[in-house]
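These notes are about the structure you will find just below.
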Amino acid sequence: MVGIPQGMKDQELRAIRATHRADPPAERELVGLAFSGGGIRSATFGLGVLQALKEVDLLGRIHYLSTVSGGGYIGAWFSANCRRARQRGDWPWSSPKADWDASIRHLRRYSNYLSPDVGFFSADTWSMFTVWLRNAMLVQWTVVMAVACVLLVPRLLIPLFAHWYDYGDWLTEKGWFVTGDALQPTSTATSVRMADGKPVVTDGPFAETKEQLGGYYILDVANLDEAIEAGARCPGAMYGTIELRPIQDFPEQPQG
């Protein structure tokens, strides 16, 4: 009983020892039993635990009972029967000699608490059905909205691709466009080198770098200023870098 004020602790100990006069426990001998939530399944499991502890005469050694949700359902049943047994002067409800059969039969008969009054015209039945229908519709609506969001993603990309089409039209109007294309990711690359006079082929790019060549344009411009104008207008400049390089001119081979 750590962290409890001394006065409250003494009061708790007196109350516990009053209900366990035959074998009053010391402070370090206190035992608690907790039943968690989980609906009728948790309550059914808790009932089995109580019956097992009763059969081995350990239930009477429990000093605290903590419950929640479905555990509270069976915990309330046990606490109420303990009080009724004392009032009737019967064997303690935690004793192996206590007869639980009639009470358990009553519990099972009325444990259908989700729909107590079964029948087509029962308000309980229709309430249960409408609750199920509501939950099912909410789940279906969530799935439909998730699929709709996924299907809307391509529409968000339309403006981005439209910029590229507009850029191509603009280059054509300027008379600068010669050719160009986009490249697939570097994961599709194949590298080739010669070793001992034989080609050695490896999967992947020549060098693993964060920067990747996404595509190329070949433009016919008059000077560097026009090349810079074309590079600045490129949509790729908004999220990457445009590298401008002139084509290498080679002298013509003499004929004859």
key: Net charge dipole size for the chain [Lys, Arg +1 and Asp, Glu -1 on Cβ; Debye, nearest 20]   = 2880
ask   = When DSSP assigns beta bridges and you keep just the ones with both residues in the chain, what percent turn out antiparallel, to the nearest 5?
value = 75
query = Nearest 10 degrees, 0 to 90: what angle lies between the long axis of helix 70-88 and the longest principal axis of the chain (Cα atoms)?
reply = 10
query = What accessible area, in Å² to the nearest ten, does a 1.4 Å probe give for Leu219?
reply = 50
request  = Would you mind classifying segment 206-254 by shape? Square roots of the alpha carbon gyration tensor eigenvalues, ordered a ≥ b ≥ c; an a/c under 1.5 is rounded, otherwise it is prolate if a/b is larger than b/c and oblate if not.
outcome  = oblate
query = For the modelled label position 7 Å from the Cα of Val49 along Cα-to-Cβ, which residues of segment 1-36 have backbone nitrogen atoms closer than 11 Å?
reply = 32-36
query = Of Leu183, Ala148, Gly197, which is farthest along the charge dipole of the chain in the positive direction, counting Lys and Arg as +1 and Asp and Glu as -1 at C-beta?
reply = Ala148
task = Take the Cβ-Cβ distance between Ala222 and Tyr165 as r, set R0 to 22 Å, and report the resulting FRET efficiency rounded to the nearest 0.05.
result = 0.30
task = Considering only protein heavy atoms, with the full assembly of protein chains and a 1.4 angstrom probe, order Thr241, Thr125 by accessible area, largest first.
result = Thr241, Thr125
task = For segment 158-181 and segment 225-253, compute the distance between their C-alpha centroids and round to whole Å.
result = 14
query = How much solvent-accessible surface does Ile228 expose, in Å² to the nearest 10, with a 1.4 Å probe and all protein chains in place?
reply = 80
Separation in nanometres of the label points that stand 7 Å from Cα toward Cβ, at Arg83 and Leu183 = 8.1
remark   = Under the helix-only model (-39500 (n - 2.57) for each DSSP H run of 4 or more, divided by the residues of the chain), the mean residue ellipticity at 222 nm, to 500 deg cm²/dmol, is -16500 deg cm²/dmol
remark   = When every protein chain stays in place and a 1.4 Å probe is rolled, Phe35, Phe120 sorted by accessible area with the largest first are Phe120, Phe35
query = In whole percent, what relative contact order does the chain give with Cα contacts below 8 Å and a gap of six or more residues?
reply = 10
key: Förster-model FRET efficiency, 25 Å R0, Arg41 and Val143, C-beta, rounded to 0.05   = 0.40
key: Signed unit charges on C-beta, dipole axis of the chain, positive-most listed residue Met128, Ala52, Pro246   = Ala52
request  = Could you state the angle between the C-alpha long axis of helix 6-19 and the longest principal axis of the C-alpha atoms of the chain, as a value from 0 to 90 degrees rounded to the nearest 10?
outcome  = 50
ask   = Ranked from the most accessible area to the least, with a 1.4 Å probe and all protein chains present, what is the order of Lys174, Lys9, Lys97?
value = Lys97, Lys174, Lys9
inquiry  = Could you compute how much accessible surface Glu243 exposes when probed at 1.4 Å, giving the result in Å² to the nearest 10?
reply    = 130
query = Given (i) 7, 26, 26, 18, 11, 6, 3, 2, 1, 0; (ii) 7, 28, 34, 23, 7, 1; (iii) 5, 15, 15, 11, 8, 7, 9, 12, 10, 6, 2, 1, 0, which label gives P(r) over Cα pairs in 10 Å bins from 0, in percent as computed from the coordinates?
reply = (iii)
note = Rounded to the nearest 10, the angle in degrees between the Cα long axis of helix 123-174 and the longest principal axis of the Cα atoms of the chain comes to 10
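The values are calculated or read from the model by the stated rules, or taken from the named source; none is laboratory data. Keep in mind it's a predicted model, so treat the numbers as computed, not measured. Because the Cβ atoms are built from the backbone with ideal geometry, glycine has one as well, and the counts that use them run over all protein chains shown. Areas reflect the complete protein model, heavy atoms only, side chains present, ligands, DNA and RNA absent. Shrake-Rupley method; radii C 1.70, N 1.55, O 1.52, S 1.80 Å.
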